[in-house]
Amino acid sequence: MAKASSKTTAPGINIGISDKDRAAIAQGLSRLLADTYTLYLTTHNFHWNVTGPMFNTLHTMFMAQYTELWNAVDPIAERIRSLGHVAPGSYAEFGKLATVPDAPAKPPKALDMVRVLVEGHEAVARTARSLFPLADKASDEPTADLLTQRLTVHEQTAWMLRSLLED
């Protein structure tokens, strides 16, 4: 009687997107994940450290924003996994992939925090937008849908934050 192998292998992925396109999209989504997580951390940092006359408004606004960002990282990571790739999940990996700079070591003044977050949301929007050609080429509608959702949030949040900077 032959001994059954205890090692199992997962079947290949055949979802109508080539291996090459899945890899390219997963790499782009990894950059989006890194940007989103970095912006989440910066926003949470600013929530903890904001001071001044706008404290209550900004403290509350930053909490809503970091909560939204926190809830966004899981769907991005799960899309990467759905495409058959490993989602990055360490500070070292995020640091290599992110276009959003890390939070300043010393918390800036309140309105400078707002400026930093505007720049962060605009950077994440650019990262998301840059993936559309890959998703379109591969007919990857789930990724395109995810990107559309993320763009809506980041563009609207950047607008709301910019509004605080107007005289």
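The values are calculated or read from the model by the stated rules, or taken from the named source; none is laboratory data. Since this is a predicted model, take the numbers as computed values, not measurements. Note that we place each Cβ from the backbone using ideal geometry, even for glycine, and neighbour counts take in every protein chain shown. Areas reflect the complete protein model, heavy atoms only, side chains present, ligands, DNA and RNA absent. Shrake-Rupley method; radii C 1.70, N 1.55, O 1.52, S 1.80 Å.
Rounded to whole numbers, the Karplus 3J(HN,Hα) couplings from phi for the stretch 45-55 are 4, 5, 4, 5, 10, 5, 9, x, x, 9, 3 Hz, using 6.51 cos²θ - 1.76 cosθ + 1.60 with θ = phi - 60°, and x at Gly and Pro.
Taking other residues whose beta carbon is less than 13 angstrom from the beta carbon of residue 33, and scoring Lys, Arg as +1 and Asp, Glu as -1, yields +1.
For the stretch 19-164, the share of accessible area belonging to carbon and sulfur comes to 57 percent (1.4 Å probe, ligands and nucleic acids excluded). Compared with the dominant Cα axis of the chain, that is its longest principal axis, helix 110-130 is turned about 30°.
Over the chain, with the other protein chains present, what is the accessible area per residue in square angstrom, probe 1.4 angstrom?
Roughly 59 Å² per residue, with all protein chains present.
When 38, 51, 148 are compared by accessible area of protein heavy atoms, the largest-first order is 51, 148, 38, using a 1.4 Å probe. Determine the distance separating the Cα centre of the stretch 124-157 from the Cα centre of the stretch 46-61; give it in Å without decimals. When both Cα centres are located, 30 Å separates them.
The alpha carbons of the chain stretch over 78, 35, 23 Å along the principal axes, in descending order.
Each other residue within a Cβ distance under 12 Å of residue 101 adds +1 if Lys or Arg and -1 if Asp or Glu, for a net charge of -3. Full extension of the chain between residue 141 and residue 159 yields a length gain of 3.8 nm, computed as 0.36 nm times the residue separation minus the alpha carbon distance. Round to the nearest 0.05 the FRET efficiency obtained for residue 70 and residue 130 when R0 = 30 Å and r is the Cβ-Cβ distance. Plugging the Cβ-Cβ distance into 1/(1 + (r/R0)^6) gives 0.85.
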